[in-house]
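Participant: Here's a structure for you.
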Amino acid sequence: MRKLLHNRGFLPGFGMTMGYTIIYLSLLVLIPLSVLFLKASTMSWEHFIGTILDSRVLASIRVSIVTSFFAACVNAVFGVLVAWVLARYDFYGKRIIDGIVDLPFALPTAVGGIALTSIYAENGWVGQYLAEWGIKVAYTPLGIWVALTFIGLPFVVRTVQPVLQDWDLQMEEAAATLGATRWNTFTRVILPHLLPAVITGFALAFARALGEYGSVVFISGNMPLKTEIVPLLIMTKLEQFDYAGATAIATVMLVVSFIMLLIINYLQWRINKFDAAR
């Protein structure tokens, strides 16, 4: 009887659970994305290419991808640092800092954008000191990068932190007894184990940044060919009742996001395969 319950589990059988899974994913993911491609297919090839190759569209795609990539890179570095501190050290106020990490998840993105704009504007608390050095953050691509870094940090921290908490400290002790320095222990023992989680956090932060709208729309200044992001351009097309143009841009960004996530998943697979072979 116990063996039977162990095989069946607490949920219904495989057929029923798989059916619910497919229906759920179809209604929320597959069908909406399929409709997007079907809508784009109604456009003529010349119209589609003309829309995508417009200088304003290309500039917005470049701004979105470049700023999202660099924001994810910064989060990959400092997210590991924050996760390391939270997982390895006990200090006064640790729970408060741990909760602050999740603040971008709970905070409405528009509120975050307004707060960042007020702080980093030329007359803001931080922006006024940066302006003395000739550094302008608000209404520049740098401001977009700051906003995307703000919303992407929790993804890296929450992906890496559980791995660090489950890490066996005996591995580090063994490396130390063999004469390894702290740097060698981190780069050759700890980092290879963390790398899949770091890449996953990077991918999540990057994907989240590509589609971010609320926190960027205030601090970017929304200047075409300079600080206009793709989500804003799509909203502009919809407000102008250019549904075909908005669909074409959204389709291209969907394909770009899918390709990049595919590449990142391939890198994860290669790293895991290499780590298993060691």
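The values are calculated or read from the model by the stated rules, or taken from the named source; none is laboratory data. In this text, all values refer to a predicted model and were calculated from it rather than measured experimentally. No Cβ is skipped: glycine too gets one built from the backbone with ideal geometry, and neighbour counts run over all protein chains shown. All accessible areas refer to the heavy atoms of the entire protein, side chains included, with ligands and DNA or RNA removed. Shrake-Rupley method; radii C 1.70, N 1.55, O 1.52, S 1.80 Å.
Participant: Name, by its number, the condition in (1) surrounded by fewer than 17 Cβ atoms within 10 Å (Cβ to Cβ); (2) β-branched (Val, Ile, Thr); (3) within 16 Å of Arg62 (Cβ to Cβ) that does not hold for Val216.
Facilitator: (1) is the only condition that Val216 fails.
Participant: Still on this structure: Could you grab the pairs with beta carbons closer than 8 Å, sequence gap of 6+ or different chains, first residue in segment 185-207 and in contact (Cβ under 8 Å) with a residue 12 or more places away in the chain and over 15 Å from Trp269 (Cβ atoms), second one open to solvent by 10 Å² or more (accessible area, probe 1.4 Å) and not in a helix (DSSP H, G or I)?
Facilitator: Arg188/Ala180; Val189/Ala180; Ile190/Trp167; His193/Trp167
Participant: Let me ask something additional. So is Ile22 farther than 30 Å from Leu194 by Cα, open to solvent by less than 80 Å² (accessible area, probe 1.4 Å), at pLDDT 85 or above and among the hydrophobic types (A, V, I, L, M, F, W, C) or not? Give the steps one after another, and end with the answer.
Facilitator: Numbers: farther than 30 Å from Leu194 by Cα: yes; open to solvent by less than 80 Å² (accessible area, probe 1.4 Å): no; at pLDDT 85 or above: yes; among the hydrophobic types (A, V, I, L, M, F, W, C): yes.
Considered against the rule, which asks whether it is farther than 30 Å from Leu194 by Cα, open to solvent by less than 80 Å² (accessible area, probe 1.4 Å), at pLDDT 85 or above and among the hydrophobic types (A, V, I, L, M, F, W, C), Ile22 comes out as no.
Participant: Would you point out which residue out of Leu38, Leu58, Leu28 is within 24 Å of Val256 (Cα to Cα), under 23 Å from the mean Cα position of the chain (by Cα), at pLDDT below 85 and part of a helix (DSSP H, G or I)? Walk me through how you get there before you give the answer.
Facilitator: Numbers: Leu38 fails: under 23 Å from the mean Cα position of the chain (by Cα); Leu58 fails: at pLDDT below 85.
Exactly one residue qualifies, and that residue is Leu28.
Participant: In addition: Only residues that are open to solvent by 50 Å² or more (accessible area, probe 1.4 Å), at pLDDT 80 or above and outside any helix (DSSP H, G or I): list them for segment 162-180, please.
Facilitator: The answer is Asp166, and nothing else.
Participant: With respect to Thr236, determine if the residue is out of contact with any helix residue (DSSP H, G or I) (no Cβ under 7 Å at 6 or more places or on another chain) and surrounded by 15 or more Cβ atoms within 10 Å (Cβ to Cβ).
Facilitator: So Thr236 passes the test.
Participant: Going by the conditions given, is Ala207 farther than 19 Å from Ala87 by Cβ, in contact with a Ser or Thr (Cβ under 8 Å, 6 or more places away or on another chain), in a helix (DSSP H, G or I) and open to solvent by 40 Å² or more (accessible area, probe 1.4 Å)? Before the answer, list the steps.
Facilitator: Details: farther than 19 Å from Ala87 by Cβ: yes; in contact with a Ser or Thr (Cβ under 8 Å, 6 or more places away or on another chain): yes; in a helix (DSSP H, G or I): yes; open to solvent by 40 Å² or more (accessible area, probe 1.4 Å): yes.
Answer is yes for this residue.
Participant: Also: Examine segment 145-161 for a residue that is at pLDDT 90 or above, open to solvent by 50 Å² or more (accessible area, probe 1.4 Å), farther than 29 Å from Tyr89 by Cβ and in contact with a Gly (Cβ under 8 Å, 6 or more places away or on another chain), and state whether such a residue exists.
Facilitator: No.
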